[in-house]
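Each remark here refers to the structure printed beneath this line.
The values are calculated or read from the model by the stated rules, or taken from the named source; none is laboratory data. Computed from a predicted structure; not experimentally measured. Cβ atoms come from the backbone with ideal geometry, glycine included; neighbour counts cover every protein chain shown.
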Amino acid sequence: MISKQIPDAGGLPWVGQMPQMTQDPLQFLLGLARTHGPIARFTMFGKSFVLISDSEYVREVLVTKANLFPKSSRDLAIMGPLLGYGLLTTNGAQHKKLRKLAQPAFHAKRITTYADAMTDLALSLTDEWRDGETRDINVEMLQLTMYIVSKTLFDTDRSAMSGMADQIGHAIHQLQEVADFDFTWYDLVPQWLPLRVNRQRQPARHMLDQIIEGMIAERRPDGSNAHVEDRGDLLSMLMLAEDENGERLTDDEVRDEAINLFVAGHETTSNALTWTWYLLSQHPHVADKLRAELDTVLAGRTPTLHDLANLPYTQQVIKESMRLYPPAWVLNGRQAAADCTIGDYEIKQGQVIFIAPYVMHRLAQHFPNPEEFQPERFTPAMEEALPRYAYMPFGGGPRVCIGNSFAMMEAQLLLATIAQRFELQLDPAARVATQPMITLTTKYGLPMQIRARQHATDTADKQRAVPQPSVDEAELVLA
Ligand code: HEM
């Protein structure tokens with residue numbers, strides 16, 4: 001069979017498409033797919049990359065030929081030293097082993113036990129919100145999802161959390177900053193240069209190691225594996241998990257896995273929610289319909305896991321928001337382990353392949369009027385008819401997001417809990433722009449005005465109702 005020629009985006013010699021890719025990767029990759037079709041080649045600093053944007057090709061790379069397309073060695077070389085060697089950052093046998101041992105921690109039964117912690121934390125965080133004030137919703141969502149991942153991963157309580165989660169969160173954000181820098185400059189800027197990012201590598205990693213190693217040691221009072229305390233959290237699951245030979249993960253493996261989960265498990269969900277609040281503020285009819293569903297189904301009650309099946313529109317809103325703004329806007333690069341094919345195209349060993357959910361989700365052949373926010377499009381019939389990898393916020397194949405059910409449950413519960421109590425309106429002075437880093441975040445945050453809703457709440461919620469200033473406090477403020 002004669003292999004077809006992959007269309008080439010051209011560009012300057014050696015530099016290739018680097019300027020476009022660094023300036024606006026979202027529009028560059030989308031433009032590439034729209035101009036050249038389902039497979040296209042581009043160059044950056046002399047290296048060749050192939051973008052695929054056809055659901056069948058995606059299936060080949062992520063599923064049927066997954067063994068031929070491990071994560072790229074460059075991506076792993078960047079992420080491994082920063083985040084440790086866990087699910088996100090390993091390939092092959094080590095990845096397989098970690099996945100098998102971590103999987104039970106994400107079984108439906110286990111993750112449903114976290115639902116109440118999610119709504120409790122949403123209520124306690126938003127108890128601090130005052131009617132009429134403006135808050136950066138990106139920061140609020142990040143803090144909330146970080147507390148949730150701390151609680152579910154390490155069983156920390158709220159008071160311990162605000163210190164510890166903040167410390168871990170700070171270290172992780174420093175490491176993410178380094179990783180974002182490295183994804184562009186890794187082979188070009190040496191790590192000994194006295195740059196801020198280079199100075200924060202070691203201390204941030206060291207701090208994380210210390211905190212998490214401390215937690216692991218605390219759960220083995222006598223230092224042995226025989227007496228690991230099961231606190232019902234993910235860390236316990238990881239420490240107790242055994243393979244078929246009775247082997248457990250080493251402490252270093254548990255530590256690195258915990259860091260990987262912490263990293264993968266909060267900024268993604270927080271960005272999904274941040275963009276959802278933004279989209280709702282721009283589409284009041286959607287926000288009205290969402291609130292109508294919440295008011296009818298919940299009648300002021302805090303949502304529980306059992307309510308989710310009766311909140312289909314809430315789920316449609318989340319799905320449509322992740323279609324337009326998929327938190328993982330591009331997957332880690334995949335690199336051909338041997339000469340092979342994708343469709344009728346020949347792929348040489350070493351070739352790096354990009355798959356971008358952001359691009360896939362904006363293809364008009366699957367999503368008519370792709371730039372429009374229309375939660376109603378996600379009907380069961382439409383989902384049934386959609387090719388399997390046309391919509392892929394959680395990736396696919398053996399490396400599909402291990403936390404996808406956790407994340408969907410979390411996003412729906414948090415949206416329902418908060419939208420029931422508050423309306424969030426975009427601050428008129430806000431500047432809104434995408435910032436595609438490791439996840440798709442907002443460049444200038446998301447300042448929003450908070451309006452407490454007047455709806456009836458049940459007794460439990462009344463005790464937690466948004467504190468309104470008493471007459472005296474109000475006078476004090478006015479004075
Ligand atoms: C809306 C929220 C989330 C989104 C959009 C998301 C998206 C993704 C995507 C696209 C991948 C695949 C990356 C690739 O193939 O290169 C992935 C992997 C992963 N995610 Fe998520 N994720 C979310 C939440 C979570 C949560 C809550 C956790 C854990 C608590 C988590 C843990 C992981 C892990 C460990 C991996 C690596 C899996 C592997 O390679 O075996 N994610 N995620």
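Has segment 290-313 got any residue that is among the small types (G, A, S) and either touching a Cys at 6+ places or on another chain (Cβ under 7 Å) or within 24 Å of M79 (Cα to Cα) (or both)? It would help to see each step written out before you state the result.
In the first step, residues of segment 290-313 are kept if they are among the small types (G, A, S); the result is 292, 299-300, 309.
Applying the additional criterion that residues be either touching a Cys at 6+ places or on another chain (Cβ under 7 Å) or within 24 Å of M79 (Cα to Cα) (or both) yields none.
The answer is no; no qualifying residue exists.
Residues being assigned to a helix (DSSP H, G or I) and closer than 19 Å to A452 by Cβ: count how many of those fall in segment 282-326. Give the derivation first.
Our first condition is that a residue be assigned to a helix (DSSP H, G or I); within segment 282-326, this holds for 282, 284-298, 305-310, 312-324.
From what's left, closer than 19 Å to A452 by Cβ: 284, 287-288, 290-292, 294-295, 298.
Residues meeting the conditions: 9.
Can you tell me which residues in segment 384-436 are of a type in the set (F, W, Y) and over 18 Å from Y325 (Cβ atoms)?
Y389, F406, F422
Scan segment 309-328 residue by residue and report those that are surrounded by fewer than 18 Cβ atoms within 10 Å (Cβ to Cβ) and of a type in the set (A, V, I, L, M).
Of everything in segment 309-328, just one residue is surrounded by fewer than 18 Cβ atoms within 10 Å (Cβ to Cβ) and of a type in the set (A, V, I, L, M), namely A309.
Inspect all residues belonging to segment 33-43 and state whether any of them is aliphatic (A, V, I, L, M), closer than 28 Å to V178 by Cα and out of contact with any His (no Cβ under 8 Å at 6 or more places or on another chain). Spell out the reasoning first.
Initial filter on segment 33-43 (aliphatic (A, V, I, L, M)): 33, 39-40.
From the residues that got through so far, the ones that are closer than 28 Å to V178 by Cα too are none.
No: zero hits.
Just to be sure before I move on: is L175 crowded, with 21+ Cβ neighbours inside 10 Å, touching a Leu at 6+ places or on another chain (Cβ under 6 Å) and within 30 Å of D230 (Cβ to Cβ) in the structure I sent? First the steps, then the outcome.
Values: crowded, with 21+ Cβ neighbours inside 10 Å: yes; touching a Leu at 6+ places or on another chain (Cβ under 6 Å): yes; within 30 Å of D230 (Cβ to Cβ): yes.
In short, yes.
Among what's in segment 344-365 and is outside any helix (DSSP H, G or I) and without any contact (Cβ under 8 Å) to a residue 60 or more places away in the chain, pick the residue that is surrounded by the most Cβ atoms within 10 Å (Cβ to Cβ). Please lay out each step first, then the result.
Filtering segment 344-365 for residues outside any helix (DSSP H, G or I) gives 344-356, 361-365.
Retained after the next criterion (residues that are without any contact (Cβ under 8 Å) to a residue 60 or more places away in the chain): 348-350, 361, 364-365.
Details: K348: 11, Q349: 11, G350: 14, H361: 22, A364: 10, Q365: 10.
Among those residues, the one meeting the criterion is H361.
Could you please find all residues in segment 400-422 being within 15 Å of the ligand (Cβ to nearest atom) and more than 12 Å from Q103 (Cβ to Cβ)?
Taking segment 400-422 and keeping what is within 15 Å of the ligand (Cβ to nearest atom), we get 400-415.
Across segment 400-422, the qualifying residues are C401, N404, F406, A407, M408, M409, E410, A411, Q412, L413, L414, L415.
List pairs: first in segment 317-343 and within 17 Å of P398 (Cα to Cα), second charged (D, E, K, R), Cβ under 6 Å, 6+ apart or cross-chain?
N332/K71; N332/D75; G333/D75
Scan the helices (runs of 4 or more DSSP H) fully inside segment 57-162 and keep the ones with 2 or more residues being away from the ligand (no atom under 13 Å from the Cβ). Lay out the reasoning, then the answer.
Working: elements: 73-83, 92-102, 108-112, 115-126, 137-154.
Qualifying helices (runs of 4 or more DSSP H): 73-83, 108-112, 115-126, 137-154.
Do we have F354 as within 16 Å of the ligand (Cβ to nearest atom) and within 28 Å of R301 (Cα to Cα) here? Steps first, please.
Numbers: within 16 Å of the ligand (Cβ to nearest atom): yes; within 28 Å of R301 (Cα to Cα): no.
Considered against the rule, which asks whether it is within 16 Å of the ligand (Cβ to nearest atom) and within 28 Å of R301 (Cα to Cα), F354 comes out as no.
Among the residues of segment 114-142 satisfying the criterion of being without any contact (Cβ under 8 Å) to a residue 40 or more places away in the chain and out of contact with any Lys or Arg (no Cβ under 7 Å at 6 or more places or on another chain), which is surrounded by the most Cβ atoms within 10 Å (Cβ to Cβ)?
Filtering segment 114-142 for residues that are without any contact (Cβ under 8 Å) to a residue 40 or more places away in the chain and out of contact with any Lys or Arg (no Cβ under 7 Å at 6 or more places or on another chain), the one surrounded by the most Cβ atoms within 10 Å (Cβ to Cβ) comes out as E140.
Can you pull out the residues in segment 33-56 that are assigned to a helix (DSSP H, G or I), surrounded by fewer than 20 Cβ atoms within 10 Å (Cβ to Cβ) and not hydroxyl-bearing (S, T, Y)? Break it down into steps so the answer makes sense when it comes.
Step one: list which residues in segment 33-56 are assigned to a helix (DSSP H, G or I), which gives 33-36, 55-56.
Then keep just the ones that are surrounded by fewer than 20 Cβ atoms within 10 Å (Cβ to Cβ); that gives 34-36, 56.
Result: R34, H36, E56.
Based on this model, can you work out whether A390 counts as among the aliphatic types (A, V, I, L, M), over 19 Å from the mean Cα position of the chain (by Cα) and either within 28 Å of A264 (Cα to Cα) or away from the ligand (no atom under 12 Å from the Cβ) (or both)? If you could, list the steps in order and put the result at the bottom.
Working: among the aliphatic types (A, V, I, L, M): yes; over 19 Å from the mean Cα position of the chain (by Cα): no; either within 28 Å of A264 (Cα to Cα) or away from the ligand (no atom under 12 Å from the Cβ) (or both): yes.
Taking the combined requirement at face value, the residue does not satisfy it.
Does S281 satisfy the criteria of being surrounded by 18 or more Cβ atoms within 10 Å (Cβ to Cβ), away from the ligand (no atom under 14 Å from the Cβ) and of a type in the set (S, T, N, Q)?
Values: surrounded by 18 or more Cβ atoms within 10 Å (Cβ to Cβ): yes; away from the ligand (no atom under 14 Å from the Cβ): yes; of a type in the set (S, T, N, Q): yes.
Judged against the criteria, S281 is a match.
Checking the condition of a type in the set (A, V, I, L, M), within 13 Å of the ligand (Cβ to nearest atom), more than 13 Å from the chain's Cα centre (by Cα) and at pLDDT 95 or above, which residue from L324, L308, L331, L273 passes?
Numbers: L308 fails: within 13 Å of the ligand (Cβ to nearest atom); L331 fails: more than 13 Å from the chain's Cα centre (by Cα); L273 fails: more than 13 Å from the chain's Cα centre (by Cα).
The unique qualifying residue is L324.
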